[in-house]
Amino acid sequence: MKEYFYTKVLASLVGIVMTILAIIFGSLALIGIGLSNEWSSENSTSTTQYSSVFPIFVMIFSIGLITFIGSFRLKNKTWSIIYIGLIVLIGICFIITFFVVLGAIGLKIEIFILFIGFLYICLGYMAYKKR
């Protein structure tokens, strides 16, 4: 097999899932904020609620793009070290997030966050082993 074949396949899948997740999160958050403003009894034209959604959307979207695009540049030694460190860090952050939100957002979403964390850890391990 070629070097980094399985890493590229897994990174493509995880990157696409994270990108789709970011788009779904952003659109549902904006719809929810819009409906909340529409159905509330007070008249407010504040945009502070929308400004809290945008950084989260950008962060999740950029994580997905880095995961997807970065896997195709693993032949470069410097980028390989940066990519492996970044992917393992993202995986650890998702696992910590699972423990922080335990019992707060629902079991299915929490298990999904834990699963994504383990996928990132596995991706970092496969990139480290050059598989």
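Restricting attention to the stretch 47-68 and to residues that are open to solvent by less than 30 Å² (accessible area, probe 1.4 Å) and not hydrophobic (A, V, I, L, M, F, W, C), the residue that is nearest to residue 3 (Cα to Cα) turns out to be 67. Every condition in (1) touching a Leu at 6+ places or on another chain (Cβ under 9 Å); (2) surrounded by fewer than 12 Cβ atoms within 10 Å (Cβ to Cβ) is met by residue 13 except one, and the failing one is (2).
Test residue 118 against the criterion of being hydrophobic (A, V, I, L, M, F, W, C) and either open to solvent by 70 Å² or more (accessible area, probe 1.4 Å) or in contact with a Lys or Arg (Cβ under 8 Å, 6 or more places away or on another chain) (or both), and give yes or no. When the stated conditions are applied, residue 118 passes them.
Elements of the type helices (runs of 4 or more DSSP H) sitting completely within the stretch 12-131 and holding at least 2 residues that are among the hydroxyl-bearing types (Ser, Thr, Tyr) and out of contact with any helix residue (DSSP H, G or I) (no Cβ under 8 Å at 6 or more places or on another chain): these cover 48-70.
Restricting the first member to the stretch 52-75 and to residues that are basic (Lys, Arg), and the second to residues that are open to solvent by 60 Å² or more (accessible area, probe 1.4 Å), the beta-carbon pairs closer than 7 Å and six or more apart or on different chains are 73/79.
I'd like the residue in the stretch 69-92 that is open to solvent by 70 Å² or more (accessible area, probe 1.4 Å) and under 16 Å from the mean Cα position of the chain (by Cα) and, out of all such residues, is farthest from residue 125 (Cα to Cα). My answer is 69.
Given the residues 95, 24, which is the only one that is modelled with pLDDT under 95 and not basic (Lys, Arg)? After ruling out the rest, the residue left standing is 24.
When restricted to residues that are at pLDDT 65 or above and over 24 Å from residue 22 (Cβ atoms), the stretch 37-56 contains 3.
The values are calculated or read from the model by the stated rules, or taken from the named source; none is laboratory data. Bear in mind the structure is a predicted one, so any value in this text is a computation, not a measurement. Here the Cβ is made from the backbone with ideal geometry for all residues, glycine too, and neighbour counts use every protein chain on show. Accessible surface areas use protein heavy atoms only, side chains included; no ligands, DNA or RNA. Shrake-Rupley method; radii C 1.70, N 1.55, O 1.52, S 1.80 Å.
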